[in-house]
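What follows is a short report on a single structure.
The values are calculated or read from the model by the stated rules, or taken from the named source; none is laboratory data. Note that this is a predicted model, so its numbers are computed, not measured. Glycine gets a Cβ as well: all are built from the backbone with ideal geometry, and neighbour counts include every protein chain shown. SASA here: full protein model, heavy atoms, side chains in, ligands and nucleic acids out. Shrake-Rupley method; radii C 1.70, N 1.55, O 1.52, S 1.80 Å.
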Amino acid sequence: MNEHSWNEERLAALLGLLKPVPRGWVEAAVQLPRLISILDSLVSRAEVDAEFRAALVADLESALRAEGVEPTPRILEEIRDRLR
């Protein structure tokens with residue numbers, strides 16, 4: 001192997017030179033699977049239950065908070081798009 005060969009040791013050394021990612025990125029990555037599951041569940045329930053859908057659309061922020069999700073603008077946009 002020459003000095004430019006890619007192997008695990010070389011890759012580890014290069015990765016070690018990188019700065020750590022911002023803490024917010026890590027926290028978002030950890031929370032993302034749970035958030036996706038909650039949004040999927042809400043949308044699925046809204047698709048089969050018209051009364052639930054009407055209540056969800058009428059007060060989306062409260063519905064998200066009841067599920068333990070802070071209704072950020074990005075999350076609200078995502079669920080509104082999925083409900084269309």
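Hey, any hits in the range 34-50 for a residue that's free of Cβ contacts under 8 Å to residues at least 40 places away in the same chain, under 30 Å from Arg84 (Cβ atoms) and touching a Gly at 6+ places or on another chain (Cβ under 9 Å)?
Looking for residues that are free of Cβ contacts under 8 Å to residues at least 40 places away in the same chain, under 30 Å from Arg84 (Cβ atoms) and touching a Gly at 6+ places or on another chain (Cβ under 9 Å), one finds at least one in the range 34-50, hence yes.
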Failed item, numbered, when Ala55 is tested on (1) at pLDDT below 95; (2) touching a Pro at 6+ places or on another chain (Cβ under 7 Å): (2)
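Determine whether Ala28 is open to solvent by less than 60 Å² (accessible area, probe 1.4 Å) and in contact with a Phe, Trp or Tyr (Cβ under 9 Å, 6 or more places away or on another chain).
Details: open to solvent by less than 60 Å² (accessible area, probe 1.4 Å): yes; in contact with a Phe, Trp or Tyr (Cβ under 9 Å, 6 or more places away or on another chain): no.
Spelling it out, it is not the case that Ala28 is open to solvent by less than 60 Å² (accessible area, probe 1.4 Å) and in contact with a Phe, Trp or Tyr (Cβ under 9 Å, 6 or more places away or on another chain).
Tally the residues that are open to solvent by 90 Å² or more (accessible area, probe 1.4 Å) and more than 21 Å from Ala28 (Cα to Cα), restricting the search to the range 58-84.
Initially, the range 58-84 is screened for residues open to solvent by 90 Å² or more (accessible area, probe 1.4 Å), giving 65, 70, 73-74, 77, 80, 84.
Subset that is more than 21 Å from Ala28 (Cα to Cα): 84.
Counting residues in the range 58-84 that are open to solvent by 90 Å² or more (accessible area, probe 1.4 Å) and more than 21 Å from Ala28 (Cα to Cα) gives 1.
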